[in-house]
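I have placed the structure first, in the form of C-alpha coordinates, so that the comments after it can refer back to it.
The values are calculated or read from the model by the stated rules, or taken from the named source; none is laboratory data. It should be emphasised that the depicted structure is a prediction, and the values quoted were computed from it without experimental measurement. Glycine also receives a Cβ, built like all others from the backbone with ideal geometry; neighbour counts cover every protein chain displayed.
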Amino acid sequence: MDIDETNIAILRHLKDGRKSYKLIAEALSLTENTIRSRVNKLIDEDILKFSGSVQIDALAGHNLLYLGIKLKSMDLQHKALEFSKLKGVVSAGIVTGRYDIILQVLLGRDYNLLEFITEQVAKIEDVQTVESFIVYKGYNLKVPYIL
(Lines give C-alpha, C1' and ligand atoms only; values in the text may rest on other atoms or scores of the structure.)
Protein backbone atom coordinates (compact mmCIF):
# COMPACT_ATOMS: atom_id res chain seq x y z
CA MET A 1 0.00 0.00 0.00
CA ASP A 2 1.22 3.47 -0.87
CA ILE A 3 1.42 5.79 2.13
CA ASP A 4 0.69 9.14 0.54
CA GLU A 5 0.38 12.56 2.18
CA THR A 6 -3.34 12.03 2.84
CA ASN A 7 -2.68 8.76 4.70
CA ILE A 8 0.06 10.46 6.71
CA ALA A 9 -2.32 13.30 7.60
CA ILE A 10 -4.96 10.78 8.71
CA LEU A 11 -2.41 8.93 10.85
CA ARG A 12 -1.38 12.22 12.46
CA HIS A 13 -5.00 12.84 13.45
CA LEU A 14 -5.25 9.33 14.93
CA LYS A 15 -1.93 9.33 16.82
CA ASP A 16 -3.57 10.10 20.14
CA GLY A 17 -6.33 7.53 19.71
CA ARG A 18 -9.67 7.34 17.98
CA LYS A 19 -11.10 10.49 16.52
CA SER A 20 -14.33 10.79 14.57
CA TYR A 21 -14.02 10.42 10.83
CA LYS A 22 -16.21 13.50 10.49
CA LEU A 23 -13.72 15.68 12.40
CA ILE A 24 -10.78 14.32 10.41
CA ALA A 25 -12.68 14.85 7.13
CA GLU A 26 -13.45 18.46 8.05
CA ALA A 27 -9.84 19.16 9.02
CA LEU A 28 -8.51 17.67 5.76
CA SER A 29 -11.30 18.96 3.48
CA LEU A 30 -12.25 15.43 2.46
CA THR A 31 -15.44 13.41 2.73
CA GLU A 32 -16.16 11.24 5.73
CA ASN A 33 -16.44 8.22 3.39
CA THR A 34 -12.94 8.91 2.04
CA ILE A 35 -11.52 8.93 5.57
CA ARG A 36 -13.43 5.77 6.52
CA SER A 37 -12.26 3.98 3.38
CA ARG A 38 -8.62 4.96 3.88
CA VAL A 39 -8.63 4.04 7.58
CA ASN A 40 -10.19 0.65 6.78
CA LYS A 41 -7.52 0.04 4.14
CA LEU A 42 -4.75 1.01 6.60
CA ILE A 43 -6.23 -1.48 9.07
CA ASP A 44 -6.60 -4.21 6.42
CA GLU A 45 -2.95 -3.74 5.39
CA ASP A 46 -1.82 -4.06 9.07
CA ILE A 47 -0.41 -0.53 8.98
CA LEU A 48 -2.84 0.81 11.57
CA LYS A 49 -4.06 -0.88 14.74
CA PHE A 50 -6.16 0.73 17.44
CA SER A 51 -5.35 -0.02 21.05
CA GLY A 52 -6.18 1.40 24.44
CA SER A 53 -3.86 2.98 26.94
CA VAL A 54 -4.49 2.15 30.57
CA GLN A 55 -3.62 4.52 33.42
CA ILE A 56 -2.10 1.83 35.62
CA ASP A 57 -2.12 3.93 38.80
CA ALA A 58 -5.92 4.25 38.41
CA LEU A 59 -6.34 0.45 38.58
CA ALA A 60 -6.36 -0.30 42.30
CA GLY A 61 -4.45 -3.45 43.15
CA HIS A 62 -2.70 -3.70 39.78
CA ASN A 63 0.84 -3.02 38.66
CA LEU A 64 2.47 -2.60 35.30
CA LEU A 65 5.70 -4.52 34.93
CA TYR A 66 8.40 -4.08 32.33
CA LEU A 67 10.67 -7.10 32.22
CA GLY A 68 13.98 -7.01 30.38
CA ILE A 69 15.06 -10.45 29.22
CA LYS A 70 18.49 -11.58 28.05
CA LEU A 71 18.45 -14.89 26.17
CA LYS A 72 21.08 -17.58 25.68
CA SER A 73 19.96 -18.03 22.07
CA MET A 74 19.34 -15.65 19.18
CA ASP A 75 15.96 -17.13 18.24
CA LEU A 76 14.42 -13.75 19.09
CA GLN A 77 11.26 -13.82 17.01
CA HIS A 78 10.24 -17.28 18.18
CA LYS A 79 11.02 -16.44 21.81
CA ALA A 80 9.15 -13.09 21.67
CA LEU A 81 6.11 -14.94 20.34
CA GLU A 82 6.38 -17.49 23.16
CA PHE A 83 6.60 -14.73 25.77
CA SER A 84 3.66 -12.87 24.22
CA LYS A 85 1.40 -15.84 25.03
CA LEU A 86 2.18 -15.92 28.76
CA LYS A 87 -0.47 -14.94 31.31
CA GLY A 88 -0.56 -11.18 31.85
CA VAL A 89 1.70 -10.21 28.95
CA VAL A 90 0.40 -7.13 27.15
CA SER A 91 3.27 -6.89 24.66
CA ALA A 92 6.64 -8.42 23.85
CA GLY A 93 9.19 -6.44 21.87
CA ILE A 94 12.56 -7.36 20.41
CA VAL A 95 14.90 -4.53 21.38
CA THR A 96 18.45 -3.26 21.15
CA GLY A 97 20.66 -2.76 24.19
CA ARG A 98 21.47 -5.09 27.04
CA TYR A 99 18.20 -7.02 26.72
CA ASP A 100 16.94 -9.05 23.80
CA ILE A 101 13.24 -8.79 24.65
CA ILE A 102 11.21 -6.43 26.81
CA LEU A 103 7.83 -7.51 28.09
CA GLN A 104 5.00 -5.32 29.28
CA VAL A 105 2.96 -7.27 31.83
CA LEU A 106 -0.18 -6.43 33.79
CA LEU A 107 -0.03 -7.82 37.32
CA GLY A 108 -3.16 -7.99 39.46
CA ARG A 109 -4.32 -8.43 43.03
CA ASP A 110 -3.96 -12.19 42.77
CA TYR A 111 -1.05 -12.23 40.33
CA ASN A 112 2.29 -10.81 41.40
CA LEU A 113 5.85 -10.50 40.12
CA LEU A 114 7.09 -13.64 41.89
CA GLU A 115 4.29 -15.72 40.37
CA PHE A 116 4.93 -14.31 36.91
CA ILE A 117 8.67 -15.11 37.08
CA THR A 118 8.40 -18.54 38.71
CA GLU A 119 5.26 -19.81 36.97
CA GLN A 120 5.37 -18.13 33.56
CA VAL A 121 8.88 -17.00 32.61
CA ALA A 122 10.28 -20.30 33.93
CA LYS A 123 8.34 -22.09 31.16
CA ILE A 124 10.52 -20.49 28.46
CA GLU A 125 13.85 -22.12 27.70
CA ASP A 126 17.11 -20.20 27.12
CA VAL A 127 16.41 -17.31 29.52
CA GLN A 128 19.78 -16.11 30.78
CA THR A 129 18.79 -13.13 32.97
CA VAL A 130 15.77 -10.95 33.71
CA GLU A 131 15.44 -7.49 35.23
CA SER A 132 12.13 -6.15 36.42
CA PHE A 133 10.77 -2.62 36.49
CA ILE A 134 7.46 -1.96 38.27
CA VAL A 135 5.63 1.21 37.20
CA TYR A 136 4.23 3.08 40.21
CA LYS A 137 2.93 6.11 38.35
CA GLY A 138 2.48 6.49 34.62
CA TYR A 139 2.41 9.60 32.49
CA ASN A 140 1.23 9.72 28.91
CA LEU A 141 3.70 12.21 27.57
CA LYS A 142 3.26 13.68 24.14
CA VAL A 143 6.33 12.69 22.16
CA PRO A 144 7.27 13.97 18.72
CA TYR A 145 6.21 11.64 15.96
CA ILE A 146 8.14 10.97 12.80
CA LEU A 147 5.24 11.15 10.36
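Descriptive notes on the structure:
- When Y66 is tested against (1) touching a residue at least 60 places away in the same chain (Cβ under 8 Å); (2) of a type outside the set (G, A, S); (3) surrounded by fewer than 13 Cβ atoms within 10 Å (Cβ to Cβ); (4) assigned to a strand (DSSP E or B), only condition (3) is not met.
- Of the residues examined, L81 is one that is out of contact with any helix residue (DSSP H, G or I) (no Cβ under 8 Å at 6 or more places or on another chain), within 30 Å of V130 (Cα to Cα) and loosely packed, with under 13 Cβ neighbours inside 10 Å.
- Residues of segment 119-147 satisfying the condition of being β-branched (V, I, T) and either modelled with pLDDT under 95 or over 18 Å from K79 (Cα atoms) (or both): I134, V135, V143, I146
- Candidate set from segment 109-125 (those that are exposed (fewer than 15 other Cβ atoms within 10 Å of the Cβ) and touching a helix residue (DSSP H, G or I) at 6+ places or on another chain (Cβ under 9 Å)); member that is farthest from A58 (Cα to Cα): E125
- Answer residue from segment 39-63, given it is touching a residue at least 60 places away in the same chain (Cβ under 8 Å) and part of a helix (DSSP H, G or I) and is surrounded by the fewest Cβ atoms within 10 Å (Cβ to Cβ) among those: D57
- Scan segment 69-86 for residues that are part of a loop (DSSP other than H, G, I, E, B) and not basic (K, R) and the total you get is 4.
- Out of V90, V105, one residue alone is surrounded by 12 or more Cβ atoms within 10 Å (Cβ to Cβ), more than 21 Å from T129 (Cβ to Cβ), among the β-branched types (V, I, T) and assigned by TED's automatic domain parsing to the domain that holds D126. It is V90.
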